[in-house]
1. Quote to one decimal, in nm, the extra length available between Y21 and Q108 on full extension: 0.36 nm per residue of separation minus the C-alpha distance between them.
2. Once a ≥ b ≥ c are taken as the square roots of the eigenvalues of the Cα gyration tensor of the chain, is the result rounded (a/c under 1.5), prolate (a/b larger than b/c) or oblate (a/b not larger than b/c)?
3. T44: net charge of surrounding residues, Cβ under 14 Å, Lys/Arg +1, Asp/Glu -1, itself excluded?
4. Return the loop-located trypsin sites (Lys or Arg not before Pro) in segment 32-110 (DSSP other than H, G, I, E, B) with at most 13 other Cβ atoms within 10 Å of their own Cβ; answer none if there are none.
5. Determine Rg/Rh for segment 9-71; Rg is computed over alpha-carbon atoms and Rh is the Kirkwood hydrodynamic estimate from the same atoms.
6. Would you calculate the separation in nanometres between label points at I46 and V14, each defined as 7 Å from the Cα along the Cα-to-beta-carbon direction?
7. Within segment 3-32, which chymotrypsin sites (Phe, Trp or Tyr not before Pro) sit in a loop by DSSP and count at most 11 neighbouring Cβ atoms inside 10 Å?
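No value in this document is a laboratory result; all are computed from the given coordinates. Because the structure is predicted, anything quoted here is derived from the model rather than measured. FYI the Cβ positions are ideal-geometry reconstructions off the backbone, even for glycines, and counts take in every protein chain you see.
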Amino acid sequence: MRTATGLTLLGLVVMTVTIMYGFRSGGGWAEVGDIVALPWGLATMIDIYVGFALFCGWVWYREPSRTASVLWTLGVLSLGNWLTCLYVLIALGRSRGDWRRFWLGMRQRAKSGVNEVRVGEVVHGN
């Protein structure tokens, strides 16, 4: 869990520096038009937003509050992977070293009594 936290924190720092550089040196929204006019620029934008959709699906699954899910989704669509790093850091902190809780969030308690299949074996819940 320390490795995941360290890598996520590194991602957050790198994204912060990169975004600051982009704001200081870039041409704003005009450059976005230039980027999507290129085939690989368009492919990259589609790739990013597919990743956002997958990430937001995980957020909607693990968050108990629909309001929180909506706010996180709008934030990710606005602030990108900077906010995904922040969300992952928060989720890692709240999981207190429990990977199951990290992935499932509040649903972890609801799933604890259900049998699961893990690599071909049946693991019985508590």
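1. 27.4 nm
2. Taking the square roots of the gyration eigenvalues as a ≥ b ≥ c, the chain is prolate.
3. -3
4. R96
5. Here the Rg-to-Rh quotient is 1.08.
6. With each label placed 7 Å out from Cα toward Cβ, I get 2.5 nm.
7. Counting only loop positions with at most 11 other Cβ atoms within 10 Å, none of the chymotrypsin sites (Phe, Trp or Tyr not before Pro) in segment 3-32 qualifies.
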